[in-house]
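The values are calculated or read from the model by the stated rules, or taken from the named source; none is laboratory data. All values derive from a computational prediction rather than experimental measurement. Note that each Cβ is placed from the backbone with ideal geometry, even for glycine, and that neighbours are counted across all protein chains shown.
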Amino acid sequence: MDRAMAAARTPPVRLAMALAAALVALAGPGSARAQAWTQAPGHVYLKLAYGSATAGEQYSFDGRAKLYADDVYAPAFFDRSVYLYTEAGLLPHLTASLALPYKRVIVRDSAFRYAVASLGDLEVGLRQSLVPLGFVPASGALALNLKASLPTGYARNTVPAPGAGQVDVAASLDYGQGFGGWGYGQVGLGYRVRTPWYGLSTAVPCQPGQDRGCTADEQPDYGDEVVARAELGWRPWRPLLLQATTSAVVSVDAPAVGFAVGQTTPTRQRYLKAGAGVLVEPVAHLGLSAQVQITPWGRNTVKSVDYFFGMSTDFDLGGEP
């Protein structure tokens, strides 16, 4: 929330496909968005960020840490992506948001290296403030967030893929509290429906076992997920904001099947992210940020360390920043 103070086997190939959307939603630079606060009508917030996630291990379906790829004792998962995020006030208490990643993902097994570079899932959202209902403290904020994650036409069965290939819809309730100008806190709880709608992605012809760089177009049934997040911010000096963040994704059904080469992508996964960040505002309407996140717990997920570096600004439409 950069501006809230103002307002079984290791997968050598398929794991990145199932995690791309999760990395955008929770491990991306948006983990510190102002989910509880809305923008004033006509006011725009814009952020561009670079993310770097690296892993040499994964958490298996039963929670054990193991090598990301069998017999590969060095990092084997690399996500080097660029993220664009913006939000704009449409009406009093109503804000629209948009997030679009350019995904560059590389995975290795003991024999080959696989890579993809493509637009990922477009996330569009609406945030409705519930403050007008009257039961929120004067220094607090409460909002209902509705989001849809839409594939951008990429091939869902490449190795790896920039996303899972199906549409997700989500709703969350987020509460934020300001602490007298020196800090803030916010928490959120939501539910993500992982639909069977694959019409916005494509599939390339593939003969499993013969073609390298693709898999069979299985269109698996992904399980719904509960999403939670919490964040604290402290401003010891007006141009400096320090942050502590945590987020979690928990599939409704527990993961029960591990990874194997050529098998279906993991349809159930659970993980926890924890991190810290800093925002520096050297001049008005310009923010420079850095974040780091670790994955201290998970099931069927990458045990990655994630870094994000961003630049943000805000302005009024039709006016100067």
(request) Name every residue in the range 281-298 that is touching a Gly at 6+ places or on another chain (Cβ under 7 Å) and surrounded by fewer than 17 Cβ atoms within 10 Å (Cβ to Cβ), in order of residue number. (result) 290, 292, 294
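It is to be established whether one or more residues within the range 149-163 are among the hydroxyl-bearing types (Ser, Thr, Tyr), part of a loop (DSSP other than H, G, I, E, B) and under 22 Å from the mean Cα position of the chain (by Cα).
Kept after step one, since they are among the hydroxyl-bearing types (Ser, Thr, Tyr), are these residues of the range 149-163: 149, 152, 154, 158.
Checking the rest, the ones that are also part of a loop (DSSP other than H, G, I, E, B) come to 152, 154.
With the extra rule that they be under 22 Å from the mean Cα position of the chain (by Cα), the set shrinks to 152, 154.
Yes, because at least one residue in the range 149-163 is among the hydroxyl-bearing types (Ser, Thr, Tyr), part of a loop (DSSP other than H, G, I, E, B) and under 22 Å from the mean Cα position of the chain (by Cα).
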(message) Taking the criterion of being among the charged types (D, E, K, R) and buried (at least 18 other Cβ atoms within 10 Å of the Cβ), would at least one residue in the range 55-67 satisfy it?
(response) yes
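Could you tell me which of the residues 141, 170, 117 is modelled with pLDDT of 95 or more, of a type outside the set (D, E, K, R), surrounded by fewer than 16 Cβ atoms within 10 Å (Cβ to Cβ) and assigned to a strand (DSSP E or B)?
Details: 141 fails: surrounded by fewer than 16 Cβ atoms within 10 Å (Cβ to Cβ); 170 fails: surrounded by fewer than 16 Cβ atoms within 10 Å (Cβ to Cβ).
Result of the check over 141, 170, 117: 117.
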(request) Of the numbered conditions (1) at pLDDT 90 or above; (2) farther than 30 Å from residue 140 by Cβ, residue 112 fails exactly one; give the number of that condition. (result) (1)
(message) Any residue in the range 223-248 that is crowded, with 21+ Cβ neighbours inside 10 Å and modelled with pLDDT of 95 or more sitting within a Cβ distance under 7 Å of a residue that is of a type in the set (Val, Ile, Thr) and not in a strand (DSSP E or B)? List the pairs, counting only those 6 or more apart or interchain.
(response) 225/252
(message) Looking at the range 184-235 only, could you name the residues that are at positive phi and among the β-branched types (Val, Ile, Thr)?
(response) none
(request) Run down 90, 119, 130 and say which single residue is more than 25 Å from residue 298 (Cα to Cα) and within 23 Å of the chain's Cα centre (by Cα). (result) 119
